[in-house]
Amino acid sequence: GRQPHGRRDHFTTLPPPNTTRKLRFLALGDCGNNSANQVNVKNTFLNYTGTNDVDAVILLGDNAYSVGSDAEYQINFFDVYKDDILKFYKLYPAPGNHDYGNSPSNTSSRSMPYHLSFTVPMAGEIGGVPSGVSNYYSFNAGDVHFVSLDSYGMDDANTTKMYDTLGAQANWLKADLTANTKKWTVVYFHHPPYTKTSHTSDAESDLVAVRENFIRILERFGVDLVLCGHSHGYERSYLLKGFYNSFATPLYDADFNAATHTATGNTQNAMYDGSANSCAYNYASGKYNHGTVYSVSGSAGQVGGTTPGYPQDCMHYSNATNGGCFYFEVDSNRLDAKFISYASAPTPVIRDQFTIFKDVNKVTSITVLQNAALTLTASWRGTYNWPNNGNAAARSVNPSTAAIGTVGYIVRDVNGCIKDSFSVTVTTPLPVSITQFTAIAKDKKVLLNWTTSQEVNSKYFTLEKSTDGIVFTVVGRINAAGNSVQSTGYQFTDNAPAQGSNYYRLSQTDMDGRITLFEVRKVYFKSDHNIIVNVMQADPGKVELVINSTKPALVRFAVLDISARQILQQSVLLNTGANMQKLQLPAGMYVVEIFSLDGNRVVEKLVVQ
C-alpha cells in the first residue's frame, strides 16, 4: 500500500479552530463494491494528492454492497482501503440504504454492521451540538463545520425520518446549525434532492421528500455545500436557491428557471478558469439563504445509469460514465472543489471544478498620517493585479503616503471576477492623536495599551493580530470616547499569543465609517529572553523608548535615519522589566535596532513629530 511522506502508520490531527493553513477533504460515495473502478478511483486520488495530507474523508453512504453485511464491509471496504486511506486519514461516515441491508425493516436498527464498525463523534467531542445517536452527528475541522445525516434510517423513536421537518433528526439539525459559528458549512447524506443519473429526484418518493420538505432548512441556515451519493454518477448544480416547491405545486426538473431558482439569476458555472460565464461564486458570510451548491458523487465504486431527462437542467455538469471522487480545499475565505476521475488510472483527470469566495469585493476607506507605513491587502487568496500600483502581482502592496490627499487603489484577480477598492486619505493632523501605543509581553499574555490626546467623532478602536505581518484578523474592538480634548487611555489583553512573531495593528473608525490605521507593534515569543520596544512622544522632538526585557542583558542600541545612516550607537545594559531611553531627534522617520548577545534582533520604526 501507499505510504505518504515515506512514513508508516501516521495521520494528521485536526487543525486548531483558528488555523490559517489550507484544509483538504475527500468524499467517497457508493464506494464499497470491490470493483476495478473502486480501486482505480482510490489510486487516482492518491496519485493526485501526492504527499499532501487530507484533513477528513467523508463517506456518502452505501459504503458496502449489497446488504452491508460484516463480510461485505471486510472485503469491499476495509480490505480495499486499509493500507492507505484508512491508515493515514480520519474517517467520518454517513449511512445509505445498502448500509441498512437495503431493507425498510432495518431502518430503526442500530445493530447493523455500519453502526458496529464506526465510532462517530455523537457527543460533540470535536464541535457541534451532541446528537446522542450514531446515525447523525456533526464536527468541526478548522473553520469548516460538517454535518453527517441519515437519510434512510428512522429516528430512534421509530416515528420519523430525516426529511420529516419536525422529527428528532431535523430538530437536532436546526439546533446544530443555529449554534454553528464557522465560516463554511458542509452537509452530507445519501439521498440527493436533485439527480437524474441512476435515480430520479422527480419521481422517487424519498428524494422528492428531501427536496420538497428538507433542503429549505439547509438553505435558510446558509449551508454552502450539500454532498450526496445514491445515484451512481457525478452531478454538480448551479448556485441553487429556492428550487424545491411552492407547497401547493411540486417543482420538477423541467420547471428549473435559472432566473428564479439560482442565487446568481443565471447559469454562472463557477469553474473559475477564465472561460465564459465561469466567475467564482461569491457572497457574504452568514446564516441566510445565499444559495447552495448541490453535488452528487456516487461513482467511487458503483458507476453508470441514467433516468429520463438526463442530464438534469439544474446541473452545470453531469457524468454517468466515468468513476471518480469529490475533493475540495478550503483556504481561508476560498473553497475549491474538483471531481477527480481518470481515463487511464492512476492518471487524474479533472472533469469538473468550481470555486466559491466569501467576503470579497470589499470597499475600504483608510486615513493615514503623512509618510506613515501603509499596507493594502486583497481580501482573498489567489491571483492579484494592482493596475494603479505598477501592476503588482502580490497580495499586499505598500503605496507611498508622501503626498497629502485622497488616492484610490484597486486590486483584481486575473480572471476579472473580483475587485477590492481602497480609498486612501493621507492627512495631518489626524482626527485622533495617539500619544502612545505599547505591546508588552507579561505572564504568557500580551498587554496592549494606547493613549489619545484628542478625539474627533471617534466611534471605536479595532485591534488586529497577525503572525506574518501581512494577513491580520480582528481580536478585539473597544468603544472610543467620541469627542475629547483630554488624555484618554485604553487597554486590551491578548490571552493567547502565538509562539514566534505576533504583530498587533491598531485602527480607529470614525462615526462616518472612515478608518485610520496606526503603527504596528511586534511581540516575539520564543525563549525566556524577549525584548520589546515601545515608543512614546510627549513633546516635539523628544522621544522616550521603553525597552522591556525578561532578563538582564547587554545589548547594542542603534538609531538610523531613512537613508540608513547611523545617528546613534551605544551599548546598553538592560535590567529585567522596563528600561527607559530618552532621545531628542529632529522630526522625521527613523529605525531603532537592538541586538542582544544571544542573537535576538528587534527592529522598530520611529516617527518623530
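The values are calculated or read from the model by the stated rules, or taken from the named source; none is laboratory data. All values reported here derive from a predicted model rather than from experimental measurement. Heads up, the Cβs are rebuilt from the backbone with ideal geometry, glycines too, and the neighbour counts pull from every protein chain shown. SASA here: full protein model, heavy atoms, side chains in, ligands and nucleic acids out. Shrake-Rupley method; radii C 1.70, N 1.55, O 1.52, S 1.80 Å.
Does residue 272 satisfy the condition of being touching a Ser or Thr at 6+ places or on another chain (Cβ under 6 Å) and on the phi > 0 side of the Ramachandran plot?
Yes: the conditions hold for residue 272.
Got a number for residues in the range 541-580 being at pLDDT below 80, under 26 Å from residue 448 (Cβ atoms) and open to solvent by 30 Å² or more (accessible area, probe 1.4 Å)?
Counting residues in the range 541-580 that are at pLDDT below 80, under 26 Å from residue 448 (Cβ atoms) and open to solvent by 30 Å² or more (accessible area, probe 1.4 Å) gives 5.
Residue check, residue 182 against (1) within 18 Å of residue 220 (Cα to Cα); (2) surrounded by 22 or more Cβ atoms within 10 Å (Cβ to Cβ); (3) in contact with an Asp or Glu (Cβ under 8 Å, 6 or more places away or on another chain); (4) not small (Gly, Ala, Ser), all met but one. Which one?
Tallying (1) within 18 Å of residue 220 (Cα to Cα); (2) surrounded by 22 or more Cβ atoms within 10 Å (Cβ to Cβ); (3) in contact with an Asp or Glu (Cβ under 8 Å, 6 or more places away or on another chain); (4) not small (Gly, Ala, Ser), residue 182 fails exactly one: (2).
Quick check on my filter: what residues within the range 322-348 are more than 16 Å from residue 270 (Cβ to Cβ) and free of Cβ contacts under 8 Å to residues at least 60 places away in the same chain?
Residues satisfying the conditions are 343, 344.
I'd like to verify a number: residues in the range 380-422 that are surrounded by 15 or more Cβ atoms within 10 Å (Cβ to Cβ) and more than 29 Å from the chain's Cα centre (by Cα), how many?
The number of residues fulfilling the criteria is 2.
For the range 347-378, which positions are of a type in the set (S, T, N, Q), modelled with pLDDT of 95 or more, out of contact with any helix residue (DSSP H, G or I) (no Cβ under 9 Å at 6 or more places or on another chain) and surrounded by fewer than 20 Cβ atoms within 10 Å (Cβ to Cβ)?
Of everything in the range 347-378, those that are of a type in the set (S, T, N, Q), modelled with pLDDT of 95 or more, out of contact with any helix residue (DSSP H, G or I) (no Cβ under 9 Å at 6 or more places or on another chain) and surrounded by fewer than 20 Cβ atoms within 10 Å (Cβ to Cβ) turn out to be 361, 377.
Looking at (1) in contact with a strand residue (DSSP E or B) (Cβ under 7 Å, 6 or more places away or on another chain); (2) among the charged types (D, E, K, R); (3) more than 28 Å from residue 177 (Cβ to Cβ), which is the only condition residue 79 fails?
(1)
Collect the residues in the range 135-160 that are closer than 20 Å to residue 229 by Cβ, open to solvent by 20 Å² or more (accessible area, probe 1.4 Å) and modelled with pLDDT of 95 or more, keeping them in residue-number order.
152
So which residues in the range 178-205 are within 24 Å of residue 245 (Cβ to Cβ) and among the charged types (D, E, K, R), if there are any at all?
196, 202, 204
What number of residues in the range 72-90 are outside any helix (DSSP H, G or I) and of a type in the set (Lys, Arg)?
2
Kindly list the number of the only condition in (1) of a type outside the set (Lys, Arg); (2) in contact with an Asp or Glu (Cβ under 9 Å, 6 or more places away or on another chain); (3) within 17 Å of residue 514 (Cα to Cα) that fails for residue 461.
Residue 461 satisfies every listed condition except (2).
Here is a yes/no grid of residues against (1) assigned to a loop (DSSP other than H, G, I, E, B); (2) basic (Lys, Arg); (3) closer than 25 Å to residue 291 by Cα:
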| position | (1), (2), (3) |
| --- | --- |
| 353 | no, no, yes |
| 356 | no, no, yes |
| 390 | yes, no, no |
| 406 | no, no, no |
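Answer yes if at least one residue in the range 29-42 is among the hydrophobic types (A, V, I, L, M, F, W, C), modelled with pLDDT of 95 or more, touching a Cys at 6+ places or on another chain (Cβ under 9 Å) and outside any helix (DSSP H, G or I), and no otherwise.
Yes.
Across the range 161-174, what is the total count of residues that are open to solvent by 40 Å² or more (accessible area, probe 1.4 Å) and farther than 20 Å from residue 292 by Cβ?
The number of residues fulfilling the criteria is 4.
Looking only at the range 474-488, filter to residues that are assigned to a strand (DSSP E or B) and open to solvent by 80 Å² or more (accessible area, probe 1.4 Å); which one of those is farthest from residue 522 (Cα to Cα)?
If we take residues in the range 474-488 being assigned to a strand (DSSP E or B) and open to solvent by 80 Å² or more (accessible area, probe 1.4 Å), then 483 is farthest from residue 522 (Cα to Cα).
How many residues does the range 10-28 hold that are part of a loop (DSSP other than H, G, I, E, B) and open to solvent by less than 60 Å² (accessible area, probe 1.4 Å)?
Final tally of qualifying residues: 5.
What's the number of the condition residue 470 fails, among (1) open to solvent by less than 60 Å² (accessible area, probe 1.4 Å); (2) in contact (Cβ under 8 Å) with a residue 60 or more places away in the chain; (3) in a loop (DSSP other than H, G, I, E, B)?
Among (1) open to solvent by less than 60 Å² (accessible area, probe 1.4 Å); (2) in contact (Cβ under 8 Å) with a residue 60 or more places away in the chain; (3) in a loop (DSSP other than H, G, I, E, B), residue 470 violates only (1).
Condition first: in a strand (DSSP E or B) and aliphatic (A, V, I, L, M). Now tell me which residues in the range 489-521 satisfy that.
The answer is 506, 515, 517, 520.
Return the total of residues in the range 214-257 being surrounded by fewer than 17 Cβ atoms within 10 Å (Cβ to Cβ) and farther than 23 Å from residue 174 by Cβ.
The qualifying residues number 7.
Could you look through the range 430-463, keep only residues that are touching a Leu at 6+ places or on another chain (Cβ under 8 Å) and closer than 19 Å to residue 509 by Cβ, and pick out the one that is most open to solvent (accessible area, probe 1.4 Å)?
The extreme case among them is 434.
What do you reckon, is residue 425 hydroxyl-bearing (Ser, Thr, Tyr), open to solvent by 50 Å² or more (accessible area, probe 1.4 Å) and either touching a residue at least 12 places away in the same chain (Cβ under 8 Å) or outside any loop (DSSP other than H, G, I, E, B) (or both)?
Considered against the rule, which asks whether it is hydroxyl-bearing (Ser, Thr, Tyr), open to solvent by 50 Å² or more (accessible area, probe 1.4 Å) and either touching a residue at least 12 places away in the same chain (Cβ under 8 Å) or outside any loop (DSSP other than H, G, I, E, B) (or both), residue 425 comes out as no.
Output yes when any residue across the range 186-205 is under 30 Å from residue 143 (Cα atoms) and either in contact with a Pro (Cβ under 6 Å, 6 or more places away or on another chain) or open to solvent by 10 Å² or more (accessible area, probe 1.4 Å) (or both), and no when none is.
Scanning the range 186-205, I find no residue that is under 30 Å from residue 143 (Cα atoms) and either in contact with a Pro (Cβ under 6 Å, 6 or more places away or on another chain) or open to solvent by 10 Å² or more (accessible area, probe 1.4 Å) (or both), so the answer is no.
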